[in-house]
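Quick notes on the structure that follows.
The values are calculated or read from the model by the stated rules, or taken from the named source; none is laboratory data. Because the structure is a prediction, the values reported are computed rather than measured. Cβ placement follows ideal geometry from the backbone for every residue including glycine, while neighbour counts extend to all protein chains displayed.
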Amino acid sequence: MPDCEHLLIDGYNILHAWAALKGFPVNIDIARDQLGDTVRIIHDYDGIRITLIFDGRGREIEVVRPSNDITFSYIFTPTGETADKIIEQLVANANRPQGILVATRDNMICETINAFGAQSLSPEALMDWVCTCESGQMEKLKKMKKDSDTLWRIRYKQ
């Protein structure tokens, strides 16, 4: 697990890097939602703030919180403005850029954010993190089930 407080995800960059999400070219909205659903476990299991940034949609910057949770957001840049620019601005203006991790395979973004003190994460490493959280969650659920079964047997002497 990387050490960070805020994970910024270069949305379309990761969408195009992950083979499992390349199958959604007809409906980009579904692909975006699938990406959000996939990385949500990092937010929920590891308690990391996540912001997915996507290129241009509309006249102004738009922030969407699919679950009304302030620590899990989508940002859509204004039409004509790139996610790269917003990512770089978020890192440059952060009080503690060392606590920011940016998931992208864009080398220019990596160089820029590294200069500010943030770290980058490859699409493959992001997927590994998702898998680690999923495994951890499954182990936690198994332990909870085992503890519950034990308690049930003790209470009802079975």
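Comparison of Leu90, Leu52, Leu141, Leu126 shows that the only residue that is touching an Asp or Glu at 6+ places or on another chain (Cβ under 9 Å) and either surrounded by 14 or more Cβ atoms within 10 Å (Cβ to Cβ) or assigned to a helix (DSSP H, G or I) (or both) is Leu52.
Are there any pairs with C-beta distances below 7 angstrom linking a residue in segment 127-142 that is over 20 Å from Asp10 (Cβ atoms) and touching a residue at least 12 places away in the same chain (Cβ under 8 Å) to a residue that is of a type in the set (Ser, Thr, Tyr) and in a helix (DSSP H, G or I), with the two at least 6 apart or on different chains, and if so which? From residues that are over 20 Å from Asp10 (Cβ atoms) and touching a residue at least 12 places away in the same chain (Cβ under 8 Å), the pairs are Gly136/Tyr45; Gln137/Tyr45. Only one of the listed residues (Ser135, Ser73) is in a strand (DSSP E or B), surrounded by 11 or more Cβ atoms within 10 Å (Cβ to Cβ) and of a type in the set (S, T, N, Q). That residue is Ser73. Scanning segment 44-55 for any residue that is in contact with a Gly (Cβ under 9 Å, 6 or more places away or on another chain) and touching a residue at least 60 places away in the same chain (Cβ under 8 Å) turns up at least one such residue. Just so you know, in segment 93-123 the residues that are polar (S, T, N, Q) and closer than 20 Å to Ala20 by Cα include one that is surrounded by the fewest Cβ atoms within 10 Å (Cβ to Cβ), and it is Ser122.
Return yes when Arg57 is among the basic types (Lys, Arg) and at pLDDT 90 or above and no when it is not. Judged against the criteria, Arg57 is not a match.
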